[in-house]
Amino acid sequence: MARKSFLCSQIPSLKFGETSCEMLSDVLVVVNKQNKDSLSSLLKCNGAFKDNAKMIECIFLMTEQLKLDPMAGYHAIEILERFMIKHLDNLFTTLRAQGAAADQPINHEDVVFEKLRNEYTLIVFSCVQIASKLSLHTNIIDLNIGVRFLHSMGQSVSKQALLESELMILKTLEFNLNVPSALTSVETLLEVLGHNESSIPVERLHPLCCHVLKFTCLEKTAIYNSLLMATTECLNPSREQREKFVPVTKDCMLLSVGVIAVATYILNISKWEQVVEELSYITGISQQSITDFTHVTVMHITKTSTPVTSA
């Protein structure tokens, strides 16, 4: 059997601005397909961890303190989300089997909660550590660095425990880490936008997009709640409306075009309508959806209580 390698990826690990037009086209196809596949196979628990603002903030802070490329943080979020869904399923399956064998009831939730409470910080850090190895443009967090960093956080962890945690995540995910992050999608679309329309200042938009994306990830619940109310024109959407809206909150392409549109709105509003039109052409997402996302997000950034309209 061929050796599996989590360093291999169908999506090239290139810095922003270094990708050829031909390769960009291929990357966009892959990113779009994976987004559609993800939306077509949504589980009820999908997004439960990516919607946790405190967890996302923790990963961002780890990434900054370890001086990693921001991309590592977004990859770590995706790795943690996918791992935890499978890990929880494995834990409950094991507990149910043990309970059946012992012929006695077990409070599965309490047992799982206690186990996760003891290992969660290590799991989160291991996801960051794995993510650091996915790019050629970031520092790699080895066991020595990992142990020292965790000790500085008050976590007494051995190299062996750190290695076992990393291997547990890799094996649970079957060494399949080829999932684009939100930042991958944003940068890909931004570069395609620049190739299609040279008058759009994508180099200046890029750093602002990074800030907007981070803000959106940290304020995701509030932003999407406002977007739901804006699209339904209802201050108290029904349960059915909320359930129908779930795929919107998981749509990485919508998030990406929205982030670029917001950044354009802030940087150069005179280009905003042109960018929205071009993004709609590239992705097939309606201009109205991009516009709604822009207005709601700008409203949260500026902390205004009424939708912002274009000049």
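The values are calculated or read from the model by the stated rules, or taken from the named source; none is laboratory data. Note that this is a predicted model, so its numbers are computed, not measured. Reconstructed Cβ throughout: ideal geometry from the backbone, glycine too, with neighbour counts over all protein chains shown. SASA here: full protein model, heavy atoms, side chains in, ligands and nucleic acids out. Shrake-Rupley method; radii C 1.70, N 1.55, O 1.52, S 1.80 Å.
Values for this structure:
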| quantity | calculated |
| --- | --- |
| Taking only Cα atoms of the stretch 152-311, radius of gyration then Dmax in Å | 18.8, 59 |
| Anchor Lys115: aspartates and glutamates whose Cα lies under 16 Å away (excluding residues fewer than 8 positions away in-chain) | Asp89, Glu164 |
| All lysines inside 19 Å of Lys33 as judged from Cα atoms, apart from same-chain residues fewer than 8 positions distant | Lys250 |
| Violating pairs (Cα-Cα greater than 31 angstrom) within the set Lys214/Lys244; Lys133/Lys271; Lys271/Lys303; Lys54/Lys244 | Lys133/Lys271 |
| Amide N proximity, the stretch 60-76 versus Ile145 label position 7 Å along Cα-to-Cβ, cut-off under 14 Å | 62-73 |
| Rounded percent of accessible protein surface that carbon and sulfur make up, the stretch 158-241, 1.4 Å probe | 52 |
| Straight-distance crosslink candidates among aspartates and glutamates, where the alpha carbon sits under 18 Å from Lys67 and sequence neighbours closer than 8 are dropped | Glu57, Asp142 |
| Distance in nm between pseudo-label sites at Val246 and Glu197 (7 Å out along the Cβ direction from Cα) | 3.5 |
| Of the GluC sites (Glu not before Pro) in the stretch 129-184, those whose Cβ has at most 10 other Cβ within 10 Å and which sit in DSSP loop | Glu174 |
